[in-house]
Amino acid sequence: MAAGSPLELRPLGNTGLKLSSIGFGASPLGRVFGPVSEEEAIASVCEAFRLGINFFDTSPYYGATLSEKMLGKGLKALGVARDQYIVSTKCGRYQEGFDFSAERVTKSIDESLERLHLDYVDILLCHDIEFGSLDQIVNETIPALLKLKEAGKTRFIGITGLPLGIFTYVLDRVPPGTIDVILSYCHYSINDSTLEGLLPYLKSKGLGVISASPLSMGLLTESGPPEWHPALPELKVACQSASAYCKEKGKNISKLAIQFSLSNKDISTILVGMNSVTQVEQNVAAAAELETVGKDEKLLAEIEKILEPVKNQTWPSGIQQL
Ligand code: NAD
């Protein structure tokens, strides 16, 4: 546990890094989920760090580079030594489209570092690789990222995406230890926990596992998901019913969802998108409560029952190639 913080520190595979069990997802700072002022964005980053969150994730894609710029301002405002926090950003996905070429990702990291006001990132991830050719990722993008690692621009490298099959496809085709980290999203939350089946494989390869979107990108919140959310209407309706049920009982679905996702300790960190000081405080409090009193098992069973007809339902992502 970080000194004075309710958040546990968990090892990230074989990297030697220790990440707070809740990580700060900075996509909302790119106004992906609605408006956020610069002041609130900076204050959210500072409050997160104060409460023991040491891991911050962004991408040039989020808000067409706005997220990286906002996070950069927030990290600068912390005024602490660089080794006190861990930053990941991504490459290959941009506002203008996908480009996983060696040339583009090599240029991309320099642009990201400038926006973040950093000399290096801790983790550089190929963003949503199912939209590119997986063979290009193996043969061109990963070798380019390894060069960036050698050049000291990133300490570790990884891959992200939605379909779980992309991870095994790539990991089975590169030498052991080449890829340090995977970032999976929307696959370890109350409505979809399919990442669980992949954890033994990832563990056997010494991979660090980042599980993003424990609130299923807004499905498991009282206010509901943003317009662009790709879930089928059936899944949206079921999550809305689950949220309304919690509200009726005076409970909060987001708290339950955070506690559910935190409970699996084979996951190094859960990345929650946060855009206000209040959300940061609520989510850290949810983790603290999990440590002291545990989660509300009765409510969880009721919510799982409501969500059972849509359990593990996902949506298509990327080009079909597996
Ligand atoms: P999420 O499930 O974390 O949900 C975020 C939404 O929930 C936002 O609208 C946020 O404001 C809201 N929220 C947060 N705390 C809340 C609370 N206590 N009460 C009510 N609402 C609350 O989804 P996400 O932001 O998409 O995922 C988290 C992070 O993971 C992202 O910011 C990003 O950094 C990363 N991510 C990466 C990928 C990828 O690499 N392909 C995909 C998805 C997410």
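Looking at the structure I just gave you, is LEU235 under 23 Å from VAL32 (Cβ atoms), in contact with a His (Cβ under 8 Å, 6 or more places away or on another chain) and surrounded by 17 or more Cβ atoms within 10 Å (Cβ to Cβ)? Against the criterion (under 23 Å from VAL32 (Cβ atoms), in contact with a His (Cβ under 8 Å, 6 or more places away or on another chain) and surrounded by 17 or more Cβ atoms within 10 Å (Cβ to Cβ)), LEU235 does not qualify. Condition check for SER254 on (1) outside any loop (DSSP other than H, G, I, E, B); (2) within 11 Å of the ligand (Cβ to nearest atom); (3) out of contact with any Ser or Thr (no Cβ under 8 Å at 6 or more places or on another chain); (4) over 21 Å from ILE123 (Cα atoms): one failure, at (3).
I'm trying to understand the selection: among the residues of segment 221-230, which are at pLDDT 95 or above and more than 7 Å from the ligand (Cβ to nearest atom)? GLY224, PRO225, HIS229, PRO230, listed by residue number. Take ILE179 and decide whether it is within 11 Å of the ligand (Cβ to nearest atom) and within 18 Å of the chain's Cα centre (by Cα). Answer is no for this residue. If you check LEU207, LEU235 for being modelled with pLDDT of 95 or more and more than 17 Å from the chain's Cα centre (by Cα), only one passes: LEU235.
Can you tell me which condition PHE131 does not meet? The list is (1) among the aromatic types (Phe, Trp, Tyr); (2) within 14 Å of the ligand (Cβ to nearest atom); (3) closer than 22 Å to ILE86 by Cβ, and all the others hold. The one condition PHE131 does not meet is (3).
Here is a yes/no grid of residues against (1) of a type outside the set (Lys, Arg); (2) farther than 17 Å from ILE182 by Cα; (3) free of Cβ contacts under 8 Å to residues at least 60 places away in the same chain:
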site: ILE53; (1), (2), (3): yes, yes, no
site: LYS73; (1), (2), (3): no, yes, yes
site: GLN84; (1), (2), (3): yes, yes, yes
site: THR89; (1), (2), (3): yes, no, yes
site: GLU96; (1), (2), (3): yes, yes, yes
site: GLU111; (1), (2), (3): yes, yes, yes
site: LEU134; (1), (2), (3): yes, no, no
site: ASN139; (1), (2), (3): yes, yes, yes
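Please find, within segment 189-208, the residue that is nearest to the ligand (Cβ to nearest atom) out of those that are under 30 Å from SER243 (Cβ atoms) and buried (at least 24 other Cβ atoms within 10 Å of the Cβ). Among those that are under 30 Å from SER243 (Cβ atoms) and buried (at least 24 other Cβ atoms within 10 Å of the Cβ), it is SER189. Applying a threshold of 9 Å to beta carbon distances and a minimum spacing of six or more residues, or different chains, the list of pairs starting in segment 242-256 at a residue that is at negative phi and ending at one that is of a type in the set (Lys, Arg) and away from the ligand (no atom under 11 Å from the Cβ) reads TYR245/LYS251; ILE253/LYS247; LYS255/LYS295; LEU256/LYS295. Scanning segment 271-293 for residues that are within 8 Å of the ligand (Cβ to nearest atom) and either without any contact (Cβ under 8 Å) to a residue 12 or more places away in the chain or of a type in the set (Phe, Trp, Tyr) (or both) yields one hit, THR278. In segment 53-70, the condition of being among the hydrophobic types (A, V, I, L, M, F, W, C), within 14 Å of the ligand (Cβ to nearest atom) and in a helix (DSSP H, G or I) is met by at least one residue. Scanning segment 13-40 for residues that are more than 11 Å from the ligand (Cβ to nearest atom) and crowded, with 24+ Cβ neighbours inside 10 Å yields LEU19, SER20, SER21.
The values are calculated or read from the model by the stated rules, or taken from the named source; none is laboratory data. Given the structure is predicted, the values throughout are model-derived calculations rather than measurements. We place every Cβ from the backbone using ideal geometry, glycine too, and count neighbours over all the protein chains shown.
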